[in-house]
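So the structure is just underneath, and the comments pick up after that.
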Amino acid sequence: MDAQRFSIAGRVYDADDPQLQDVLRRVHDTPERPRCLCVRGGVEMYVALHGKYRVKRMPGTGGQHRPDCPSFEMEGQLSGLGELLGEAIIEPVTGQIELRVDFALDRRPGNSIPHGESEDVAEVGVPRRRMSLRAVMHYLFEKAQFNRWSPGMEGKRNQWVLQKYLLRAAADVMVKGKPLSERLYVPEPFSESAKHDIAFRRREKLSILRPREGHYPMAIVMGEFKGSEPHTLGRRVWIKHMPDTPLLMPSKSWARMERVFASVLEARDADASYRPHVVMAALIRARSEMTYEIEAASLMLTTEQWIPIEGVHELGLIQTLIDQRRKFIKPLRYDAKSAAGFATALLLDAGDEPVQLHVLSSFMAPKEREAKEKMLKDNQGWVWHTSADLPDFPDRRAETPQQRGQP
């Protein structure tokens, strides 16, 4: 499937048809539903307005699309997303997402935390699942489709694309009653000639951090981690495309970051043909005028194409899939205790169902490897032991006219 096609009001349009915007404008806020023609009979969609009109997938219909359709969504249990849907990720109305997170977006100094429990208890609340910074980062990367690959994406993923699609992914997401897009900063591509304009736009965006009525608002900075260096008050943390604005972090907190994310940081020195990126999500507040301090942070490893991965052992598989021009999805861990129960990649162009691809490496953490081996005993399929040659992938599906989804 090369381009997504829609049936709208009795006519068929390609996703890149110049007339599509006018057509979507006419049917927006009407009962008319576009249908994606990836399968015979089509799949019902809806029209949303985010800067421009977009045809979006109806909730719960992702599995009805063909695996290689851009609107296809894998079943929830195939990634860490499944255990968050309906509890930490809620869609109260179509097209509006609410994330329940385990971190604050506002800080009020001096608030005491109650200890113990009163003897006079009127009710007992049921604890609900909450998303970590890593899970929010995974969610935005998946919603922006950076965990998905098709040959047409080759050479099209850069900082400008990363910024554009992460911000678009946040456009209809609410966190603690606030639009996530207002609290998310993704650096725009840096240019020496435009650095003053870039700095002005960044300060405008982060002006939301100014204290108000005893509240200290916080925001999330998401970008490629460049490095850190000692500072008189702790550490300076540098994000690429922000060469004039370090983020400050206490030395003890940074030392803990280095322990917790040791394998991610070490991956930057891997003897690999393609260098991985390290992406940071940092929850920041204004320490003083235009000085930003990290309250919490998470790191994520990605390929050169910004596809999130669990470790260097997955690089060979992902890059080979790209080199062989295959279509695939990378299931993400989110807040699952282990990624062992999920495929390393789902191949989308080999049949009517995605094909699970698994990687086993002797350098995986022992518990992770044991869990993966145990899972594979009951689910025989495509497995690559990195100590051996990479097996052939399943053949691509031969597409018939009927499979192209005629209206």
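How would you classify the stretch 119-195 from its alpha-carbon gyration tensor, with a ≥ b ≥ c the square roots of the eigenvalues: rounded for a/c under 1.5, else prolate if a/b is greater than b/c, otherwise oblate? Note, shape of the stretch 119-195 comes out prolate.
Please state the equivalent ellipsoid semi-axes for the stretch 1-70: what are the square roots of 5 times the Cα gyration tensor eigenvalues, largest first, in whole Å?
Details: eigenvalues 66, 35, 26 Å².
For the stretch 1-70, the ellipsoid semi-axes come out as 18, 13, 11 Å.
For the stretch 315-330, the residues whose amide N sits under 13 Å from a probe point set 7 Å from the Cα of Arg397 along the beta carbon direction are 327-328.
Which value, in Å², gives the accessible area per residue of the stretch 156-296 when a 1.4 Å probe is used on the protein heavy atoms?
On the way: 7210 Å² over 141 residues.
The answer is 51 Å² per residue.
Here the scattering of the stretch 252-380 is modelled by Debye summation over its C-alpha atoms, one equal scatterer each and no solvent; at q = 0.09, 0.17, 0.18 Å⁻¹ the log10 of I(q)/I(0) is -0.33, -0.99, -1.08.
Do any GluC sites (Glu not before Pro) in the stretch 258-319 lie in a DSSP loop with no more than 13 other beta carbon atoms within 10 Å, and if so, which?
Glu289
Quick check on the stretch 316-356: what does the Kirkwood estimate of hydrodynamic radius come out to from the alpha carbon pairs, in Å? Provide the component values of the computation, followed by the final result.
Details: mean 1/r = 0.0900 Å⁻¹.
Hydrodynamic radius (Kirkwood, Cα pairs) of the stretch 316-356 is 11.1 Å.
The structure shown yields percent of Cα pairs over 41 Å apart, and of the options [x] 19; [y] 51; [z] 10 that calculated value carries the label [x].
For the pair Ala9 and Met290, the difference between a 0.36 nm per residue extended length and the Cα-Cα distance amounts to 96.0 nm. Each part gets one Cα centre, and for the stretch 295-322 versus the stretch 169-183 those centres are 25 Å apart. Between the stretch 199-220 and the stretch 70-111, the C-alpha centres lie 24 angstrom from each other.
Here the accessible area is traced with a 1.4 Å probe on the protein chains. For the stretch 207-341, carbon and sulfur cover 47 percent of it. The residues packed around Glu289, meaning those with a beta-carbon under 12 Å from its beta-carbon, carry a net charge of +3 if Lys and Arg are +1 and Asp and Glu are -1. Positive contributions from Lys and Arg (+1) and negative ones from Asp and Glu (-1), summed over other residues with Cβ under 9 Å from the Cβ of Ser338, come out at +3.
Rounded to a whole number, what % of the accessible area of the stretch 1-84 do carbon and sulfur atoms account for, probe 1.4 Å? Display every interim value, and only then the final one.
Values: 1850 of 4240 Å².
Carbon with sulfur: 44 percent of the solvent-accessible area.
For the modelled label position 7 Å from the Cα of Gln77 along Cα-to-Cβ, which residues of the stretch 328-369 have backbone nitrogen atoms closer than 13 Å? From the stretch 328-369, the list is 342. Cross-linked pairs Lys143/Lys176; Lys176/Lys330; Lys195/Lys226; Lys56/Lys240; Lys205/Lys330; Lys156/Lys176: Cα-Cα separations exceed 22 Å for Lys176/Lys330; Lys56/Lys240; Lys205/Lys330; Lys156/Lys176. In units of the compact-protein estimate 2.2 N^0.38 Å, the stretch 339-378 shows a Cα radius of gyration of 1.28.
The values are calculated or read from the model by the stated rules, or taken from the named source; none is laboratory data. Small disclaimer: the values here were computed from a predicted structure and weren't measured. So basically every Cβ, Gly included, is an ideal-geometry build from the backbone, and we count neighbours across all protein chains shown. Side chains are part of the model used for accessible areas, which takes the heavy atoms of the whole protein and leaves out ligands, DNA and RNA. Shrake-Rupley method; radii C 1.70, N 1.55, O 1.52, S 1.80 Å.
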